[in-house]
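So the structure is just underneath, and the comments pick up after that.
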Amino acid sequence: MIGKWRVLSGLIATAMVAATAAPALAEDWKPQRPIEIIAPAGPGGGWDLIARTMQKALTEEKLVDKPIIVTNKPGGGGATGWNYLKGKSGQGEFLAANSPLILQNNLLGKSDLTYKNFFMLANLMAEWEVVAVKADSPWKTGKEFFEAMKKDPSSMHIGVGPALGNDDHIQFLTLTKAFGADPKAVKFVVYPNTAAEQIPALLGGHIQAITISLAETLEQVKAGKLRILGVSSPERVSELPNVPTWKEQGVDFVFPHWRGVMAAPGLSPAQQKFWTETIDKMVKSKTWKDSLETLGWDDYYTPSTDYVTFLDKQDTLMRESLTDVGLIK
């Protein structure tokens, strides 16, 4: 009888150990197929750069063991790519780059999507906004350029992408007003594929200037093809020490442009845990830090929970900014 009890006790103990171990195993998850990072615009733009920088860091640092694909899905000021991500509910292998447009599109009534439709994974970086012209253009300073715009706004066409209402657009309207020109008179040309279309159009003489983020212009600036008239940073950036800030040109304007990453909605706690831990390792890696320096980006890492709090505040501030420049009432 005692022997039977020992056997039964052993079976119960084994079952208890198995029951205890099962939840621990259930908490483990990792990608089961290739990982897709969606850049919701064309190649060469800011979203594309952040997606490919993530691809490089995650791969070179061996933080994932599945291949990473970057997919460009331009359209709708990001909405096309983000709608695609929304359709991957519960699938942990899909991520997408984002930016303030995830807020602005909704505030402007261009999209029903908001940041609340996704698992907001992390804010990753901030960079500065610039206004750029051809290197051989007659304007050497921001003041000269906006004076010319004030005199003959109909002759000045400004490239912006991927849609009106984004940070690039808001920057230019704010500067136009600050330099004494009429924001309502600005002739914008919208390029959905961002830098991939804006820069060739500028170099080809089809437009007179572009309002854009710094990293998207660096290659052409260093090649001597573009001239930057001003940068929205509080101090001159190390990559372009000869470019003055807007503050130096008499305009009290400091304006960071941030970008982050989000995952599909409906992720399990295990999937969320995998990506929050993996991204945390990525931003601490040498590959990532070297890339930030090369691209002239500032570290702006904000993990998931704090990122949602940040977005709540940004949503309120952005509504005020868009109202101030007359884009919403």
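The values are calculated or read from the model by the stated rules, or taken from the named source; none is laboratory data. Not measured: the values here are computed from a predicted model. Note that each Cβ is placed from the backbone with ideal geometry, even for glycine, and that neighbours are counted across all protein chains shown.
Here are a few things to note about the model shown:
- Glu235 being over 20 Å from Ala178 (Cβ atoms) and charged (D, E, K, R): no
- Residue list for the stretch 48-83, filter: under 20 Å from Glu293 (Cβ atoms) and in contact (Cβ under 8 Å) with a residue 24 or more places away in the chain: Asp48, Leu49, Ile50, Ala51, Thr53, Met54, Lys56, Ala57, Leu58, Glu60, Glu61, Leu63
Let's see how each residue does on (1) in the same structural domain as Thr217 (by TED's automatic domain parsing); (2) out of contact with any strand residue (DSSP E or B) (no Cβ under 9 Å at 6 or more places or on another chain); (3) crowded, with 24+ Cβ neighbours inside 10 Å; (4) within 18 Å of Gly250 (Cβ to Cβ):
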site: Pro138; (1), (2), (3), (4): yes, yes, no, no
site: Pro162; (1), (2), (3), (4): yes, no, yes, no
site: Ala178; (1), (2), (3), (4): yes, yes, no, yes
site: Val190; (1), (2), (3), (4): yes, no, no, no
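- Entry remark, the stretch 237-268: residues being over 25 Å from Leu103 (Cα atoms) and surrounded by fewer than 15 Cβ atoms within 10 Å (Cβ to Cβ) number 5 in total.
- Asp306 vs. criteria under 18 Å from Leu121 (Cβ atoms), at pLDDT 90 or above, among the acidic types (Asp, Glu) and out of contact with any helix residue (DSSP H, G or I) (no Cβ under 6 Å at 6 or more places or on another chain): yes
- Entry remark, the stretch 46-87: residues being at positive phi and either within 17 Å of the chain's Cα centre (by Cα) or modelled with pLDDT under 95 (or both) number 4 in total.
- Every residue from the stretch 99-116 that is surrounded by fewer than 18 Cβ atoms within 10 Å (Cβ to Cβ) and either in contact with a strand residue (DSSP E or B) (Cβ under 8 Å, 6 or more places away or on another chain) or in a loop (DSSP other than H, G, I, E, B) (or both): Gly109, Lys110, Asp112, Thr114
- Residues being crowded, with 24+ Cβ neighbours inside 10 Å and assigned to a loop (DSSP other than H, G, I, E, B) - total across the stretch 65-98: 1
- The stretch 287-296: number of residues that are touching a residue at least 24 places away in the same chain (Cβ under 8 Å) and either assigned to a helix (DSSP H, G or I) or surrounded by fewer than 18 Cβ atoms within 10 Å (Cβ to Cβ) (or both): 5
- Qualifying residues in the stretch 140-160 (those that are of a type in the set (Lys, Arg) and touching a residue at least 40 places away in the same chain (Cβ under 8 Å)) - the one farthest from Gly250 (Cα to Cα): Lys140
- Residue ranges of strands (runs of 3 or more DSSP E) in the stretch 148-242 with at least 1 members of a type outside the set (Lys, Arg) and within 15 Å of Gly44 (Cβ to Cβ): 157-160, 209-213, 226-231
- For Trp258, the requirement of being in contact with a strand residue (DSSP E or B) (Cβ under 9 Å, 6 or more places away or on another chain) and either at pLDDT 95 or above or over 24 Å from Asn166 (Cβ atoms) (or both) is not met.
- Matching entry among Asp299, Asp280 (being outside any helix (DSSP H, G or I), surrounded by fewer than 18 Cβ atoms within 10 Å (Cβ to Cβ) and in the same structural domain as Lys66 (by TED's automatic domain parsing)): Asp299
- Qualifying residue in the stretch 253-276 (condition: touching a helix residue (DSSP H, G or I) at 6+ places or on another chain (Cβ under 9 Å) and free of Cβ contacts under 8 Å to residues at least 60 places away in the same chain): yes
- Residue match in the stretch 225-234 (condition: of a type outside the set (Phe, Trp, Tyr), farther than 29 Å from Leu292 by Cα and at pLDDT 95 or above): no
- Flag if Asp306 is within 30 Å of Gly90 (Cα to Cα) and in a helix (DSSP H, G or I): yes
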